[in-house]
1. Within region 222-252, which residues are within 18 Å of Val101 (Cα to Cα), at pLDDT below 90 and not small (Gly, Ala, Ser)?
2. Against the definition (open to solvent by 30 Å² or more (accessible area, probe 1.4 Å) and modelled with pLDDT of 90 or more), how does Gln186 come out, yes or no?
3. Among residues belonging to region 4-38 that are closer than 19 Å to Gly313 by Cα and open to solvent by 70 Å² or more (accessible area, probe 1.4 Å), point out the one that is modelled with the highest pLDDT.
4. Which one of these does Leu250 not meet: (1) within 30 Å of Trp95 (Cα to Cα); (2) open to solvent by 60 Å² or more (accessible area, probe 1.4 Å); (3) under 23 Å from the mean Cα position of the chain (by Cα)?
5. Is it true that Ile237 is surrounded by fewer than 19 Cβ atoms within 10 Å (Cβ to Cβ) and not acidic (Asp, Glu)?
6. Could you please let me know if Ala110 is within 19 Å of Ala207 (Cα to Cα) and either among the hydrophobic types (A, V, I, L, M, F, W, C) or at pLDDT 90 or above (or both)?
7. Among the listed residues Ile237, Ile247, Ile291, identify the single one that is in contact (Cβ under 8 Å) with a residue 60 or more places away in the chain and within 30 Å of Leu324 (Cβ to Cβ).
8. Mind checking which residues of region 324-360 are at pLDDT below 75 and either under 19 Å from Gly27 (Cα atoms) or in contact with a helix residue (DSSP H, G or I) (Cβ under 6 Å, 6 or more places away or on another chain) (or both)?
Amino acid sequence: MWTEWTIATRFLREGRAQSTLILVGIGVGVAVIVFITALITGLQHNIVDRTLGTQSHIRLSPPDEVNRIVPLDGPATRMLLETRRAQRLRSINNWQQLRDVLDDFPQVTAVSPIISGPAFARRGEALQSVALVGIDPRRYQQILPVSEDIVAGAFRIGAGEAVIGKQLSIDLGASVGDKLRLETGQGGDSVVNVAGIFELGVRELDARYVYLDMSQAQSLLDLPGAATVIDLTVADIFKADTIATRIRRLTGQKVESWMETNAQLLNALRSQSMSTTMISVFVALSVALGIASVLSVSVVQRTREIGILRAIGITRAQMLRVFLIQGALFGLLGSLLGGISGVGLVVAFNNFGPRLFYIPVNPWLLVAATALATLTGVIAAAIPARRAARLDPVVAIRHV
């Protein structure tokens with residue numbers, strides 16, 4: 001093995017100019033793969049984090065109400081024009097038992113019952129449509145840590161106190177300590193004190209959400225002891241769809257995962273991943289062609305040397321390994337150069353870029369890029385290596 005290694009490194013040193021150029025080319029290709037992959041991965045994580053930062057992974061609610069058609073007696077035909085049934089605000093049947101069952105459900109990390117419904121918030125002459133969200137603060141904080149998004153006051157729920165969104169506070173001209181009157185279509189009417197103001201970063205939520213204690217929201221919505229929604233989080237967000245299906249079959253309730261409600265987002269993420277894969281494939285192909293062309297030229301230029309080496313006892317298998325080692329060295333050294341350059345590009349983006357999001361660098365990405373480039377180098381060297389191994393020593397020595 002040392003003989004093949006010595007010959008391979010000597011060939012590389014003698015063709016220093018060509019070797020340098022191909023190493024730079026491989027380095028650029030690997031740097032592109034590392035940077036683009038890290039960029040797309042960071043962007044996807046940022047989008048998913050922002051999306052799930054304002055919603056649960058899985059939402060359980062009562063099944064939709066449907067019209068019931070009385071069956072006909074005998075051989076008769078019914079001409080029917082059906083209008084979809086209006087959905088009223090309803091409680092989940094036996095939600096306390098469901099909550100306890102879901103607490104022990106595999107891969108479910110947090111469960112929070114909620115009562116939510118429409119209302120109007122009034123302060124003086126200002127009137128805004130809002131969504132009342134009655135919560136158990138301890139459980140809900142495990143789903144959505146609203147206390148971390150408080151910009152004024154404190155996250156304090158209960159005893160006639162509520163927490164509202166920043167945009168809603170602006171629309172109503174309300175600040176911490178002010179009073180709001182909440183009115184619902186079910187006849188509920190209550191005055192609450194604004195204990196805190198939050199900013200989730202989503203205008204629609206910041207302009208509509210009013211967090212209350214569950215019992216107060218139940219009273220306002222005329223649903224005593226009710227819960228209209230159960231929010232859940234899971235350990236693996238990308239298995240939420242599968243877990244939601246299992247929960248739907250178990251409970252018979254309407255269960256939706258974030259993957260269902262954000263189908264277009266998932267399609268966009270898959271398209272991004274596909275484009276990254278295509279870029280990596282084409283870059284790897286260009287690297288392979290570069291290595292193959294350099295080694296093919298090397299075989300032609302060193303035909304006499306190859307013939308002499310074969311004549312003094314180098315076997316075909318050994319000559320084959322010489323060029324395979326060269327291909328592996330090209331891939332390995334070029335990938336190390338490209339990996340360092342790619343990390344440098346990521347650091348530059350994080351420190352000097354627009355800073356819209358942070359790009360993490362996964363060490364396994366560098367390992368995978370190095371392995372890919374090295375393997376590509378060996379595969380690309382296969383054809384020139386076979387050509388060199390098949391040269392007839394006598395013909396090769398006479399080559400001019």
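1. Leu250, Thr251
2. On the way: open to solvent by 30 Å² or more (accessible area, probe 1.4 Å): yes; modelled with pLDDT of 90 or more: no.
Considered against the rule, which asks whether it is open to solvent by 30 Å² or more (accessible area, probe 1.4 Å) and modelled with pLDDT of 90 or more, Gln186 comes out as no.
3. Of everything passing the filter in region 4-38, Thr6 is modelled with the highest pLDDT.
4. (3)
5. Numbers: surrounded by fewer than 19 Cβ atoms within 10 Å (Cβ to Cβ): yes; not acidic (Asp, Glu): yes.
When the stated conditions are applied, Ile237 passes them.
6. Working: within 19 Å of Ala207 (Cα to Cα): no; either among the hydrophobic types (A, V, I, L, M, F, W, C) or at pLDDT 90 or above (or both): yes.
Criteria not met by Ala110.
7. Values: Ile237 fails: within 30 Å of Leu324 (Cβ to Cβ); Ile247 fails: within 30 Å of Leu324 (Cβ to Cβ).
The conditions single out Ile291.
8. Correct list: Phe357 only.
The values are calculated or read from the model by the stated rules, or taken from the named source; none is laboratory data. Note that this is a predicted model, so its numbers are computed, not measured. Counting neighbours? That spans all protein chains shown, and the Cβs are built from the backbone with ideal geometry, glycine included. We work out accessible area using only protein heavy atoms, side chains counted, and drop any ligands, DNA or RNA first. Shrake-Rupley method; radii C 1.70, N 1.55, O 1.52, S 1.80 Å.
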